[in-house]
Number of protein chains: 2
Amino acid sequence: MMQPTDTIVDFRQLVDHLAETKTQKQVAVAWPEDEHTRDAVEMAAKAGFLVPILVGSEQTKAKYEGKFETIVVDSPEAASAKAVALVREGRAQVLMKGFVNTDVLLRAVLNKETGILPKGSVLTHVSAAKIQGYPKLLFFTDPAVIPYPTQEQRIAQVRYVADFCHAFHIECPKISLIHCSEKVDERHFPYTQGYLELKKMAEEGALGKCIVDGPLDLKTSCSAEALATKKLESPIGGEADAVIFPDIEAGNVFYKTITLFAGSETAAVLQGTDVPVVLPSRGDTIESKFYSLALATMITKSK
Amino acid sequence: MMQPTDTIVDFRQLVDHLAETKTQKQVAVAWPEDEHTRDAVEMAAKAGFLVPILVGSEQTKAKYEGKFETIVVDSPEAASAKAVALVREGRAQVLMKGFVNTDVLLRAVLNKETGILPKGSVLTHVSAAKIQGYPKLLFFTDPAVIPYPTQEQRIAQVRYVADFCHAFHIECPKISLIHCSEKVDERHFPYTQGYLELKKMAEEGALGKCIVDGPLDLKTSCSAEALATKKLESPIGGEADAVIFPDIEAGNVFYKTITLFAGSETAAVLQGTDVPVVLPSRGDTIESKFYSLALATMITKSK
């Protein structure tokens, strides 16, 4: 049996760990009017790590009454506002988007008076992937929210992924800053200079327990062989626990490529908000939504 | 047996096609002083589609005299200049980099007086990939040369990949313009507006026989199922023959991800120069170098 402090290397272990540690949180689900959302929420409830509060239609109430708490509202907008309010009241530690346009839920999340994004907090998207042939989970950011991160946003991204890795019992995570080559080129790619600053911050301990290196390309980050072929050395040693992409286009291409062509399972949440937000996209599988709920629960638990 | 006009869907068919059509070109190899370069060139010569002219050291001459034409020079710089000169003299239709730093060869290629890049021509990098699970070759650009293509450069990229597809007997190639979503967003991603212009140019026939669509993400470009899940329609129909990446970071992440995690074979050449330039990187396999030589030969043949 897995020990509660062993490093979690795939999603099955994550779900088992939540069960073994009897972790249980509340999730507010905004407008769960589609099968996919309902199936994922039911799976999470059955696995025991989440107790759902469904903010939806009369139909949802009729279907789930007596099984889950339900709150009836008359629109996706009202559902989003109410689900966010449940988080503010401390009644839910995870928020999930149902059959609502992302814009609608985000408006409720980002509302300056009634929302759940603290002032000055960086909102970003963090994913975890189990890629066939890679021996552990690989965390990455940001495939979906910040187009071209500033240095300040990138610092926040590194902190978030370090937190995620720690929650998964990776004591000193190896975080790689991705670029198309290993050379700093301030003229064409100013952020590669920022990478050096981040590396220095990590070495000085300003980012908590973690190893940060870059610029490295995806292969030299994730393959010791590729690193050796290029005759390079890196404290990451081709064994990255997390990779930070330079822009949303690179992050998105990675996300789409590993799910389409490399048989990967993924989970993702928004970070920066008071609680993790599960914001599935239409193309995600039910498993991916279920794993995202587990990821959100694990992150919340560790706080 | 394959017919000479059948669409070529993998690298084996490419090599067979060159043999069946008795295609044979000359390749000038700059400083072939490493095993990898020599092995790839020997494979191409044995397959019959390339006749090498080796511009290298005394050792190279001693090893290959009587087998291949050799020209002795005293440095990688001199080898680069001489190999480029052979192209200018019409003695070679393909140029290949050996054990030379990319910068050194590129300096010879780009020299305004003695080089082989026509004035005003857009230099870019075009790759072809055979990805496990994708039923045909997928051409893509640019993982290695242009950091953030201008609209003019992107138009050239579309023209090049269309030429490549035509050379591979794809009558009306489907070319997808990649973005992290399917929405035009001029504010955050000005090039998505440029995508619409490119689409219009293609519809008006200004780009030759091809179908261009975008913005599309990688999944909706390469998976009919993903397109249907998102309830989108596209003349590409999830069957892209080629994808144009918005920036070098996205292109490079794609290239590295498919080779590291999706068991892909790749080939690549520089385009824009008078002849295709094979510019392998240290991490490439011998097969990849060999396929790149075949790709270069095929492109040259069709001109």
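Just need a number here: residues in region B:218-235 that are more than 7 Å from every other protein chain (Cβ to nearest Cβ) and either in contact with a helix residue (DSSP H, G or I) (Cβ under 8 Å, 6 or more places away or on another chain) or outside any loop (DSSP other than H, G, I, E, B) (or both).
Qualifying residue count for the region: 9.
Only one residue in A:283, A:238 is at the interface with chain B (Cβ under 9 Å from one of its Cβ atoms) and surrounded by fewer than 24 Cβ atoms within 10 Å (Cβ to Cβ), so which one is that?
Answer to the selection: A:283.
Can you pull out the residues in region A:173-188 that are in contact with a strand residue (DSSP E or B) (Cβ under 8 Å, 6 or more places away or on another chain) and either crowded, with 21+ Cβ neighbours inside 10 Å or in contact (Cβ under 8 Å) with a residue 60 or more places away in the chain (or both)?
Correct list: A:173, A:174, A:175, A:176, A:177, A:178, A:179.
Here's the yes/no breakdown for (1) under 14 Å from residue A:139 (Cα atoms); (2) more than 13 Å from chain B (Cβ to nearest Cβ):
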| position | (1), (2) |
| --- | --- |
| A:243 | yes, no |
| A:258 | yes, no |
| A:261 | no, no |
| A:276 | no, yes |
| A:279 | no, yes |
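Test residue A:178 against the stated conditions and say whether it is of a type in the set (A, V, I, L, M) and within 14 Å of another protein chain (Cβ to nearest Cβ).
The answer is yes for residue A:178.
If residue B:77 meets every condition in (1) modelled with pLDDT of 95 or more; (2) within 20 Å of the chain's Cα centre (by Cα); (3) of a type outside the set (Val, Ile, Thr) apart from one, which number is that one?
(2)
Residue B:170 - would you say it is touching a Lys or Arg at 6+ places or on another chain (Cβ under 7 Å), at pLDDT 95 or above, surrounded by fewer than 23 Cβ atoms within 10 Å (Cβ to Cβ) and over 21 Å from residue B:253 (Cβ atoms)?
No.
Quick grid of which residues meet (1) free of Cβ contacts under 8 Å to residues at least 40 places away in the same chain; (2) among the aliphatic types (A, V, I, L, M); (3) outside the structural domain of residue A:92 (by TED's automatic domain parsing):
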{"site": "A:195", "(1), (2), (3)": "yes, no, yes"}
{"site": "A:214", "(1), (2), (3)": "yes, no, yes"}
{"site": "A:232", "(1), (2), (3)": "no, yes, yes"}
{"site": "A:246", "(1), (2), (3)": "no, no, yes"}
{"site": "A:278", "(1), (2), (3)": "no, yes, no"}
{"site": "A:289", "(1), (2), (3)": "no, no, no"}
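Has region B:58-67 got any residue that is of a type outside the set (Gly, Ala, Ser), touching a residue at least 40 places away in the same chain (Cβ under 8 Å) and assigned by TED's automatic domain parsing to the domain that holds residue B:288?
No, the conditions are met nowhere in region B:58-67.
Of these, B:160, B:134, which one is within 11 Å of chain A (Cβ to nearest Cβ), in contact (Cβ under 8 Å) with a residue 40 or more places away in the chain, more than 24 Å from residue A:247 (Cα to Cα) and crowded, with 17+ Cβ neighbours inside 10 Å?
Just a single option satisfies the conditions, and that option is B:134.
Among the numbered conditions (1) of a type outside the set (Ser, Thr, Tyr); (2) more than 17 Å from the chain's Cα centre (by Cα); (3) in a loop (DSSP other than H, G, I, E, B), tell me where residue A:215 comes up short.
Only one criterion in (1) of a type outside the set (Ser, Thr, Tyr); (2) more than 17 Å from the chain's Cα centre (by Cα); (3) in a loop (DSSP other than H, G, I, E, B) is unmet by residue A:215, namely (3).
Any idea how many residues of region A:256-303 are aliphatic (A, V, I, L, M) and assigned to a helix (DSSP H, G or I)?
Looking only at that region, the number is 9.
Identify the residue in region B:51-73 that is part of a helix (DSSP H, G or I) and touching a strand residue (DSSP E or B) at 6+ places or on another chain (Cβ under 8 Å) and, among all such residues, is nearest to residue B:37 (Cα to Cα).
B:60
Look at residue A:48 and say whether it is at pLDDT 95 or above, within 13 Å of residue A:297 (Cβ to Cβ) and over 17 Å from the mean Cα position of the chain (by Cα).
For residue A:48, the condition - at pLDDT 95 or above, within 13 Å of residue A:297 (Cβ to Cβ) and over 17 Å from the mean Cα position of the chain (by Cα) - is met.
Looking at region B:111-122, can you tell me whether even one residue there is of a type in the set (A, V, I, L, M, F, W, C), closer than 24 Å to residue B:238 by Cα and either out of contact with any Cys (no Cβ under 9 Å at 6 or more places or on another chain) or at pLDDT below 95 (or both)?
No, every residue in region B:111-122 fails to be of a type in the set (A, V, I, L, M, F, W, C), closer than 24 Å to residue B:238 by Cα and either out of contact with any Cys (no Cβ under 9 Å at 6 or more places or on another chain) or at pLDDT below 95 (or both).
The values are calculated or read from the model by the stated rules, or taken from the named source; none is laboratory data. All values derive from a computational prediction rather than experimental measurement. Cβ coordinates were reconstructed from backbone atoms using ideal geometry, including for glycine residues, and neighbour counts include every protein chain displayed.
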